[in-house]
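> Quick one: this structure, given as structure tokens, is what I'll be asking you about.
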Amino acid sequence: WESSLVYFRLNNGKQSIKFVIDLWDTFEFRNEALEWCDVYAKVNTDPNYMPEKYAYKVVASAPHFPIRFGNYAQIFSTAIKTFDFSLMSYAEHFKKHIYRPLKYAMPLEKIKPVVSEKNYVYLSSTYWKKNADTNIMRYKFMTAAKSIPGINFEGGFLERNDKMPIEYPDLIYPHPSKADYIKNVFRSSIAFTTSSVFGAHSFRLSEYLAMGKAILTPPIKRLTTTPLV
């Protein structure tokens, strides 16, 4: 829980306002944080599950995705300075604060809207172990894109390291680098996304919004800062 909550306080000389940003995937709230703060910004706010006593504190926060700040030296330096053995092991800390930012995150300046290619469609997706509905929706999108004359479809279900069999062997796709993934999404005339774990906003929804894409998605279950059209 605590690793998904950000606590901070703003002072303007006259008053102090306490904020919490909740990045957790589920719709649940942390009662201790609700009691402490004046404003509780939750990324995955479900309108059907609001805390009755503290609903007035809750605001819907925007979908988010990881971005990279600083150069390699700054990333390593920050990881060393923030290590706390009481929170996680060396390996877990390295994975979270060095490996994942370098492998999956891009500098924000690399993500700017560009003109897409009319006849190109791209989607590379994880084949989920438990959420069959998501796999089916992604499969239907991929096969529909491949079936349209004149459309050049690239992508598929990403190869799994755990050797779990993928139900659609004709749609298995090697892992692209993050740079290639971003380049191909920019090229694609449309982007497709579904809800993530526990019905949460996916990283891809926020990435696609930042990239200015036309997005095809099933109904979004969680609130956004502004209703999406």
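> Run down Ser124, Ser116 and say which single residue is part of a loop (DSSP other than H, G, I, E, B) and open to solvent by less than 80 Å² (accessible area, probe 1.4 Å).
Details: Ser124 fails: part of a loop (DSSP other than H, G, I, E, B).
Testing whether each residue is part of a loop (DSSP other than H, G, I, E, B) and open to solvent by less than 80 Å² (accessible area, probe 1.4 Å) leaves just Ser116.
> If you don't mind, there's one more thing I want to ask. If Leu158 passes every condition in (1) in contact with a His (Cβ under 6 Å, 6 or more places away or on another chain); (2) modelled with pLDDT of 95 or more but one, which one does it miss?
So the condition that Leu158 fails would be (2).
> Right, next: Condition check: surrounded by 11 or more Cβ atoms within 10 Å (Cβ to Cβ) and part of a helix (DSSP H, G or I). Does Tyr139 satisfy that? Even if it seems obvious, please write down each step before you answer.
Details: surrounded by 11 or more Cβ atoms within 10 Å (Cβ to Cβ): yes; part of a helix (DSSP H, G or I): yes.
Yes; evaluated as a whole, the condition is true for this residue.
> State which residue pairs qualify: first residue over 27 Å from Lys110 (Cα atoms) and free of Cβ contacts under 8 Å to residues at least 12 places away in the same chain and inside the range 69-90, second residue part of a loop (DSSP other than H, G, I, E, B) and open to solvent by less than 80 Å² (accessible area, probe 1.4 Å) in any location, beta carbons under 9 Å apart, and separation of 6 or more residues or different chains.
Going by the 9 Å Cβ cut-off, the qualifying pairs are Tyr90/Phe83.
> Does any residue in the range 149-171 that is under 12 Å from Trp128 (Cα atoms) come within less than 8 Å, Cβ to Cβ, of a residue that is among the charged types (D, E, K, R) and open to solvent by 60 Å² or more (accessible area, probe 1.4 Å) six or more places away or on a different chain, and which pairs are these?
Met164/Lys129
> Any residue in the range 31-43 that's open to solvent by 20 Å² or more (accessible area, probe 1.4 Å): show its pairings with residues that are among the basic types (Lys, Arg) at Cβ separation under 7 Å, as long as the two are six or more apart or on different chains.
Trp36/Lys18; Asp38/Lys18; Asp38/Lys57; Val39/Lys57
> So Phe141 passes all but one of these: (1) free of Cβ contacts under 8 Å to residues at least 40 places away in the same chain; (2) in contact with a strand residue (DSSP E or B) (Cβ under 6 Å, 6 or more places away or on another chain); (3) not hydroxyl-bearing (Ser, Thr, Tyr). Which condition number does it fail?
Tallying (1) free of Cβ contacts under 8 Å to residues at least 40 places away in the same chain; (2) in contact with a strand residue (DSSP E or B) (Cβ under 6 Å, 6 or more places away or on another chain); (3) not hydroxyl-bearing (Ser, Thr, Tyr), Phe141 fails exactly one: (1).
> May I pose another question? Condition first: out of contact with any helix residue (DSSP H, G or I) (no Cβ under 9 Å at 6 or more places or on another chain), open to solvent by less than 30 Å² (accessible area, probe 1.4 Å) and of a type in the set (S, T, N, Q). Now tell me which residues in the range 173-201 satisfy that.
Across the range 173-201, the qualifying residues are Asn184, Ser188.
> Just one of the numbered conditions (1) of a type in the set (D, E, K, R); (2) open to solvent by less than 30 Å² (accessible area, probe 1.4 Å); (3) assigned to a helix (DSSP H, G or I) is not true of Arg204; which one?
Against the list (1) of a type in the set (D, E, K, R); (2) open to solvent by less than 30 Å² (accessible area, probe 1.4 Å); (3) assigned to a helix (DSSP H, G or I), Arg204 comes up short only on (2).
> Looking at (1) in contact with an Asp or Glu (Cβ under 6 Å, 6 or more places away or on another chain); (2) in contact (Cβ under 8 Å) with a residue 40 or more places away in the chain; (3) open to solvent by less than 50 Å² (accessible area, probe 1.4 Å), which is the only condition Leu5 fails?
(2)
The values are calculated or read from the model by the stated rules, or taken from the named source; none is laboratory data. Given the structure is predicted, the values throughout are model-derived calculations rather than measurements. Glycine gets a Cβ as well: all are built from the backbone with ideal geometry, and neighbour counts include every protein chain shown. Note: accessible area is taken over every heavy atom of the protein model, side chains too, but ligands, DNA and RNA are not part of it. Shrake-Rupley method; radii C 1.70, N 1.55, O 1.52, S 1.80 Å.
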